[in-house]
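Participant: Got a structure here, written out as structure tokens. Questions coming.
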Amino acid sequence: MKKKKNIAIVAHDNRKKDIMEWVSFNWNELAQHNLICTGTTGKLVEEALIEKCAANGVVPPTVARLKSGPLGGDQQLGALIVEGKVDILIFFWDPMQPQPHDVDVKALLRITVLYNLPTASNRSTADFLVSSELFHESYQPILKDYSGYIKRDVDLG
């Protein structure tokens, strides 16, 4: 990871207010990085950052917007993680509401673990991430070697 991170921000509908409060509170930290968001979350994040940055004379960060989660945005984000184009995921998901794309959400979270990506699923964890000394520094995560899994013998019976 370079000093300037690619940070993905995602929030389910019932958590959009929470993510917007968090983004507004942490706008100065986020403004120093590239942001990637799914659907409506991207629109809301972009609006909040433009407002905060303008009020403080700061250039707002780039916000790349993917499709909405249920329309494939979670899968797009997973592909970006696999390609090494995402450094951190902030994903305020709703633990109380079933989602039409629950399998995509589970797959996205699985990929973050597989690729050892720092991931926050609530405000406390997100606060710890942005306040870490590593947030604005270069960092090389240790990736598990899966070559044995890839090269395994498969019994085709």
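The values are calculated or read from the model by the stated rules, or taken from the named source; none is laboratory data. Worth saying up front: this structure is predicted, and the values here are computed from it rather than measured. Here the Cβ positions follow ideal geometry from the backbone for every residue, glycine too, while neighbour counts run over all protein chains shown.
Participant: Restricting the search to region 86-118, which residues are of a type in the set (Val, Ile, Thr) and free of Cβ contacts under 8 Å to residues at least 24 places away in the same chain?
Facilitator: Within region 86-118, VAL103, VAL113 qualify.
Participant: When the residues of region 80-96 are narrowed to those that are part of a loop (DSSP other than H, G, I, E, B) and out of contact with any Asp or Glu (no Cβ under 8 Å at 6 or more places or on another chain), which ends up nearest to SER124 (Cα to Cα)?
Facilitator: Once the filter is applied, the top-ranked residue is TRP93.
Participant: Another question, if that's okay. Residues in region 124-138 that are crowded, with 16+ Cβ neighbours inside 10 Å and either modelled with pLDDT of 95 or more or of a type in the set (Ser, Thr, Tyr) (or both): how many?
Facilitator: Of the residues in region 124-138, 3 are crowded, with 16+ Cβ neighbours inside 10 Å and either modelled with pLDDT of 95 or more or of a type in the set (Ser, Thr, Tyr) (or both).
Participant: Do we have ASP102 as of a type in the set (D, E, K, R), at pLDDT below 85 and surrounded by fewer than 17 Cβ atoms within 10 Å (Cβ to Cβ) here? Spell out how you get there, then give the answer.
Facilitator: Numbers: of a type in the set (D, E, K, R): yes; at pLDDT below 85: yes; surrounded by fewer than 17 Cβ atoms within 10 Å (Cβ to Cβ): yes.
Considered against the rule, which asks whether it is of a type in the set (D, E, K, R), at pLDDT below 85 and surrounded by fewer than 17 Cβ atoms within 10 Å (Cβ to Cβ), ASP102 comes out as yes.
Participant: Report, by residue number, each residue of region 108-125 that is out of contact with any helix residue (DSSP H, G or I) (no Cβ under 6 Å at 6 or more places or on another chain) and assigned to a helix (DSSP H, G or I).
Facilitator: Once the filter is applied, which keeps residues that are out of contact with any helix residue (DSSP H, G or I) (no Cβ under 6 Å at 6 or more places or on another chain) and assigned to a helix (DSSP H, G or I), region 108-125 yields LEU109, ARG110, THR112, VAL113, LEU114, SER124, THR125.
Participant: Tell me whether region 48-58 contains one or more residues that are of a type in the set (Val, Ile, Thr), under 22 Å from PHE25 (Cβ atoms), assigned to a loop (DSSP other than H, G, I, E, B) and at pLDDT 90 or above.
Facilitator: yes
Participant: Identify the residue in region 30-54 that is closer than 12 Å to VAL130 by Cα and surrounded by 15 or more Cβ atoms within 10 Å (Cβ to Cβ) and, among all such residues, is farthest from the chain's Cα centre (by Cα).
Facilitator: ALA31
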